[in-house]
Amino acid sequence: MFLHKPTLAELDLVAHAWEKILAEKPNTFRQQTLDDIRARPEFYLESIDGALDGSMLTLEDGSKVPKLPMITRYMWVDGAPAGAISYRWQPGTTELPVHVLGHIGYETFPWHQRQGYATSALAAMLEFPRQQGMPHIEITTNLENVASQKVITRNGGVLRSEEHTSELQSPDHLVCRLLLEKK
C-alpha cells in the first residue's frame, strides 16, 4: 500500500469505488466527491492538493460552508484505490470550524479493511501537517470504532476528550490528539 494522487486516467477506478460505497452507505460528502470526479475531473484533481478554490461544501443538513484547503490521497493497492485519507486545515491556526470533526479523516474501503492500510496511510499523511509546522492535530472517531481508535493510537494519538465540541458534531465521537514532532 502506498498513498497516491490518482491520475486523470485512474479517476474512473476512484469513481467506481465511491459508487460502490455509496450504494451501501449514502453520505453527502461522498456523493459530492463522486459528483466532482464525474463532472469536473481536472478540477477534482487540483482540489485535492491543498489549494483554496472558493468552492462550497454542502453539509448533511443542507447548509453550505466554504471548503477548507485539503490534501487527499488514496490508499493504492494492486493498481486500485483501497481507501482515502484527507488532511484539512485552516491557514494560520490549529483550530477547525465546528462542522469539521478533525484535521485528518480516513476511510478504508470495506473490501480492504483489517489489513493495516489505514495505520500506514495515517503515518504517511502526518508528514503534511509536520511540514506546515503544526504542533498537533486532532482526529475524531466513533466510540464504537475500536479499529479506528487503534489506527490513531498506533500513530501516537492520545484520547483528549469524549465530549463533542459543538451541536454540529456527533456526541458519540472520541477526540484524539496527535502531537507532531519534527523529524
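The values are calculated or read from the model by the stated rules, or taken from the named source; none is laboratory data. All values derive from a computational prediction rather than experimental measurement. Every residue, glycine among them, receives a Cβ derived from its backbone with ideal geometry; neighbour counts consider all protein chains shown. Heads up: the accessible areas ignore ligands, DNA and RNA and are worked out on the full protein's heavy atoms, side chains in. Shrake-Rupley method; radii C 1.70, N 1.55, O 1.52, S 1.80 Å.
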Could you list, in sequence order, the residues of the range 17-29 that are in a helix (DSSP H, G or I) and either touching a residue at least 24 places away in the same chain (Cβ under 8 Å) or within 15 Å of Glu107 (Cα to Cα) (or both)? Ala17, Trp18, Glu19, Lys20, Ile21, Leu22, Glu24, Thr28, Phe29
How many of the residues making up the range 63-87 are in a loop (DSSP other than H, G, I, E, B) and within 19 Å of Ser47 (Cα to Cα)? 3
Quick count over the range 52-78, residues being in contact (Cβ under 8 Å) with a residue 12 or more places away in the chain and open to solvent by less than 60 Å² (accessible area, probe 1.4 Å), is 16
How many residues are in a loop (DSSP other than H, G, I, E, B) and loosely packed, with under 12 Cβ neighbours inside 10 Å if we restrict to the range 1-14? 1
Requiring at least 3 residues that are open to solvent by less than 50 Å² (accessible area, probe 1.4 Å), the strands (runs of 3 or more DSSP E) wholly within the range 88-162 are 104-108, 136-142
Restricting to the range 31-51, count the residues that are surrounded by fewer than 15 Cβ atoms within 10 Å (Cβ to Cβ) and in a loop (DSSP other than H, G, I, E, B). 2
Could you grab me the full set of residues in the range 15-27 that are out of contact with any Phe, Trp or Tyr (no Cβ under 8 Å at 6 or more places or on another chain) and open to solvent by 40 Å² or more (accessible area, probe 1.4 Å)? His16, Glu19, Ala23, Glu24, Lys25, Pro26, Asn27
